[in-house]
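Written out below as structure tokens is the structure these notes cover.
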Amino acid sequence: MMEDAVTKNVEQAGPWADDALFRSGLASYLTQSLGSQVKNYSHAGKGLTVALDAEWGAGKTFFVKRWIEDLRTAEYPVVYFDAWENDVGDEASVALMASIFDDLKSWKARVPLVDGARKRTTELAKRATTKLRKAIAPTATVLAKAVLKKMTGVAFDDVVEAIGDGGASNDVSSLSASDAEDVLDRLFELKLREHVSRKASLKAFRESLVDLLAHIQEHTPARSPMYVFVDELDRCRPPYAMKLLEEIKHIFGVPGVVFVVSTNLAQLQSSARSMYGADFDGAGYLKRLFDREYVLPAPNNLSYARIAIPTESRIRRVTVCSWRPKAVVGDSVDRDWAEIADLFDLDLRSQKQIGYLADEVIHSLSEKHGVHAAWLFFLCVLFFKKRSLLERLRLSALTLEEFKSLLAPIARKSIPIKWVTRPNSYESEERSIDLLDVMFEYYLISQASNQELHRRMNAENMQFPRSLVNLLIGELTDSTETGRVVRDYANLVFGAGFLIAE
């Protein structure tokens, strides 16, 4: 019930006060669960990396940012890393480390000056930085190649190509075969030593990061583990997304650190296939990078209405016409939204699009007579899902059979509108009608002439939904509101849709 939802929303406090989906309990559960799991991984010398999976528009960033506020209040070190915002180069690990150190600066300031504790913090941070640089940006081979080019005028890659082809180009003609082989042998040995050095530097970096966190936790109220949230990864370039995930696992996966990657796993699987081939097992690959995969529960459409139509939306600030039989309880814009979304089985991304379009159109409608939200939402769906039908609704007459036939491919559900009538004080009768019948009645009335509207009002059978004419006739016969009333909704949706459609 919507009344229950409002009550729950009032009861929520702090960062969750505006959470329409009531997920603070989920954040608390994850904090407890991950805190316990990371201890087991730490005993094995590993960090914990988990995926928080949800489709686009499900409120991942909203959820994560409020969870972060909870964690910071509880004195956990927390890092928020917007991967898409940092997708500006190839060194993913550098940007991530910069974000980690940026958060740790605030904890460093809380380390006391006595006994050199703060100085030790600085030393540990510097050591970690140096070891990370050596691990990800080795210089020996680069310098050796530069020396070769300077001394001989020949590029290393040209030597490799010439040896591989069994011949020599003009550029390498000055080098004998034995000289070229000697150069390659020396560089290969150098690369072997460099590989060993990189492994040692990586090990030293991980140890330095663990020592730094332990030192901060010893001298401040900082709790363990440290949480690093990586958001918007599914929006990044595939090479960057894959490299960042691999480096999280292989470089930053240290004891006492939990990485939470909020993303759309289906999109990440597509990124993996774009990198490694269409037949690549993207799902299996990601399972090797994530220790756990959690799915952010999808909201029901009644709850999601608060996100699709946010508080600042104009439709929340205008009068919405109550079209249902009086005995129906809970008439609201949220219920209208939920039933239209259920009718078309809309995903969350589509609901966001339709919410934007409805909010755009609402600015062109008459405030004098109120807004018919269900009819407006219905037409906005047609713009995105079946534009040809919206065009016919604007320009021609349709029978009920044609209307339902054209809608059948996209409106697969029956949404009953139920109410109870009382013929007398002793009897009650439950009635029901399909939502599509109501939408068709809106269509017929909105297309009717003034003469036809009055004829409909005087008809004998005025049971719902035929009684809608009583609700609509005032605005349809108001010449001062031409172009802004219910018969104009289809035209307005059609025009506004092209302005904002992706």
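Brief remarks follow.
- Strands (runs of 3 or more DSSP E) fully within region 199-310 that include at least 1 residues being under 30 Å from GLU339 (Cα atoms): 257-263, 292-295.
- Residues of region 266-283 that are within 22 Å of the chain's Cα centre (by Cα) and among the small types (Gly, Ala, Ser): ALA266, SER270, SER271, ALA272, SER274, GLY282, ALA283.
- Total residues in region 14-67 satisfying the condition of being open to solvent by less than 20 Å² (accessible area, probe 1.4 Å), part of a helix (DSSP H, G or I) and within 16 Å of PHE229 (Cβ to Cβ): the figure is 8.
- For region 255-280, a tally of residues being open to solvent by 50 Å² or more (accessible area, probe 1.4 Å) and of a type in the set (A, V, I, L, M, F, W, C) returns 4.
- The single condition among (1) under 48 Å from the mean Cα position of the chain (by Cα); (2) farther than 28 Å from PHE344 by Cβ; (3) of a type outside the set (Ser, Thr, Tyr); (4) part of a strand (DSSP E or B) that ILE433 does not meet is (2).
Residue-by-condition table, conditions (1) free of Cβ contacts under 8 Å to residues at least 60 places away in the same chain; (2) in a strand (DSSP E or B); (3) among the basic types (Lys, Arg):
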site	(1), (2), (3)
ARG324	no, no, yes
PHE378	no, no, no
VAL381	yes, no, no
SER388	yes, no, no
ARG394	no, no, yes
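- Of the residues making up region 430-465, just one is open to solvent by 50 Å² or more (accessible area, probe 1.4 Å), closer than 20 Å to LEU390 by Cα and among the hydrophobic types (A, V, I, L, M, F, W, C), namely LEU444.
- Residue check for LEU132: surrounded by 17 or more Cβ atoms within 10 Å (Cβ to Cβ), modelled with pLDDT under 50 and either part of a helix (DSSP H, G or I) or not hydrophobic (A, V, I, L, M, F, W, C) (or both): no
- Test for ILE410: is it more than 20 Å from LEU468 (Cβ to Cβ), open to solvent by less than 80 Å² (accessible area, probe 1.4 Å) and in contact (Cβ under 8 Å) with a residue 12 or more places away in the chain: yes
The values are calculated or read from the model by the stated rules, or taken from the named source; none is laboratory data. All values reported here derive from a predicted model rather than from experimental measurement. With ideal geometry, Cβ positions are generated from the backbone for all residues, glycine too; neighbour counts draw on all protein chains shown. To get the accessible areas, we keep the full protein, side chains included, count just its heavy atoms, and leave off ligands, DNA and RNA. Shrake-Rupley method; radii C 1.70, N 1.55, O 1.52, S 1.80 Å.
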